[in-house]
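Heads up: the structure comes next, in structure tokens.
The values are calculated or read from the model by the stated rules, or taken from the named source; none is laboratory data. Bear in mind the structure is a predicted one, so any value in this text is a computation, not a measurement. Here Cβ is always computed from backbone atoms with ideal geometry, including for glycine, and neighbour counts include all displayed protein chains.
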Amino acid sequence: MQIDLSGKNALVTGGASGIGRECALVLGQAGARVAIVDINLEGAQATAAALAGGLAIHCDLGNPDSIYAMRDRVMAEMGGVDILINNAGIISYRQGIKAVTLEEWDLVIDVNLRGAFLICREFIDQMKARGWGKIVNFSSMAARVGGIEAGLHYSVSKAGLIGLTRTLAREAGPHGICVTAVAPGIIATEPVKRQIAGHESAYINSIPLRRLGEPRDVANVVLFLASPLSDYVTGIVVDINGGMYMG
Ligand SMILES: NC(=O)c1ccc[n+]([C@@H]2O[C@H](COP(=O)([O-])OP(=O)(O)OC[C@H]3O[C@@H](n4cnc5c(N)ncnc54)[C@H](O)[C@@H]3O)[C@@H](O)[C@H]2O)c1
């Protein structure tokens, strides 16, 4: 059986690199028209170029006005969104509560949590009007077990996304919209590879599947959550971590 998303419009934040890029590619390969929204326009354009009808849009999720402008452009160019993947995020590594400055707290909470909230708020009415939709928010294992190397502010932002997911799932469910979250473990993207260089084996030994995750491992689950195959699944957090944490 193949997942067919033809006729659906998808929006992926953070699609310029890492997991977001892979999500945009699998959704596009399944037939969706994909808007790639990122602060890194060049990277977003590279992802869009790999897809038929891909649209790259610059947006700084930490800036509400930038989000409103992006919403207007998506609505003008695509006419609406059926699938919303709130993947963009800043992975911030800090050891100890005292290492988290006020500025960094605000930046991480604003981009990771407030950005996703605003995108959901700005697109929810048109999703309700369409009568079917999928929202997938990016939490993290850091919200499930606490940050290991990731900072407290990062863990808080990712825990907040679980509250956003569950509350919005209650509101949006009667309109045919499923709202879910994914909580990846250690996925080998650039920021993670840089951070764990030299001690990867300690992580690998603690993962029952004995390997780090790849962006495609996460994107495949997102594809399922974005497709009609998961139409009776909402309000849940899917752990994608090779068994490192079993909720
Ligand atoms: N890689 C992991 O191990 C892991 C684990 C758990 C959760 N996650 C989450 O998965 C998501 C993707 O992570 P990744 O590893 O692919 O990271 P990444 O750094 O490779 O990609 C993040 C993307 O978000 C974009 N972005 C950053 N700030 C932005 C802003 N202000 N406005 C718009 N776009 C912005 C970046 O340009 C980049 O394209 C993040 O939310 C991250 O917290 C990752």
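When I187, I177 are checked against the criterion of being of a type in the set (V, I, T), within 12 Å of the ligand (Cβ to nearest atom) and crowded, with 20+ Cβ neighbours inside 10 Å, I187 stands alone in meeting it.
Table: residues versus (1) over 28 Å from G176 (Cα atoms); (2) hydrophobic (A, V, I, L, M, F, W, C); (3) modelled with pLDDT of 95 or more.
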{"position": "M1", "(1), (2), (3)": "no, yes, no"}
{"position": "S17", "(1), (2), (3)": "yes, no, yes"}
{"position": "V26", "(1), (2), (3)": "no, yes, yes"}
{"position": "A32", "(1), (2), (3)": "no, yes, yes"}
{"position": "L51", "(1), (2), (3)": "no, yes, yes"}
{"position": "G54", "(1), (2), (3)": "no, no, yes"}
{"position": "D65", "(1), (2), (3)": "yes, no, yes"}
{"position": "V81", "(1), (2), (3)": "no, yes, yes"}
{"position": "A88", "(1), (2), (3)": "no, yes, yes"}
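Only residues that are within 19 Å of P184 (Cα to Cα) and not small (G, A, S) were counted in the range 109-166, giving 24.
To keep it simple, each residue is scored yes or no on (1) buried (at least 23 other Cβ atoms within 10 Å of the Cβ); (2) touching a strand residue (DSSP E or B) at 6+ places or on another chain (Cβ under 9 Å); (3) at pLDDT below 95; (4) within 18 Å of I196 (Cβ to Cβ).
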| position | (1), (2), (3), (4) |
| --- | --- |
| K134 | yes, yes, no, no |
| S140 | yes, yes, no, yes |
| G146 | no, no, no, yes |
| A150 | yes, yes, no, yes |
| H153 | yes, no, no, no |
| V156 | no, no, no, no |
| G160 | no, no, no, no |
| L164 | no, yes, no, no |
| G173 | no, yes, no, no |
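Rundown of residues vs (1) in contact with a Leu (Cβ under 7 Å, 6 or more places away or on another chain); (2) outside any helix (DSSP H, G or I); (3) closer than 14 Å to I240 by Cβ, yes/no style:
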{"position": "K128", "(1), (2), (3)": "no, no, no"}
{"position": "R144", "(1), (2), (3)": "no, no, yes"}
{"position": "H153", "(1), (2), (3)": "no, no, no"}
{"position": "I162", "(1), (2), (3)": "no, no, no"}
{"position": "V179", "(1), (2), (3)": "yes, yes, no"}
{"position": "R194", "(1), (2), (3)": "no, no, no"}
{"position": "I204", "(1), (2), (3)": "yes, no, no"}
{"position": "D217", "(1), (2), (3)": "no, no, yes"}
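Here the range 74-85 is the region considered, the condition is being of a type in the set (V, I, T) and within 16 Å of the ligand (Cβ to nearest atom), and the residue that is surrounded by the fewest Cβ atoms within 10 Å (Cβ to Cβ) is V74.
All but one of (1) in contact (Cβ under 8 Å) with a residue 60 or more places away in the chain; (2) crowded, with 19+ Cβ neighbours inside 10 Å; (3) within 12 Å of the ligand (Cβ to nearest atom); (4) of a type outside the set (S, T, Y) hold for L223, so report the exception by its number. Every condition holds for L223 apart from (3). Within the range 86-107, if we keep just the residues that are more than 10 Å from the ligand (Cβ to nearest atom), under 23 Å from the mean Cα position of the chain (by Cα) and not in a helix (DSSP H, G or I), the residue that is surrounded by the most Cβ atoms within 10 Å (Cβ to Cβ) turns out to be R94.
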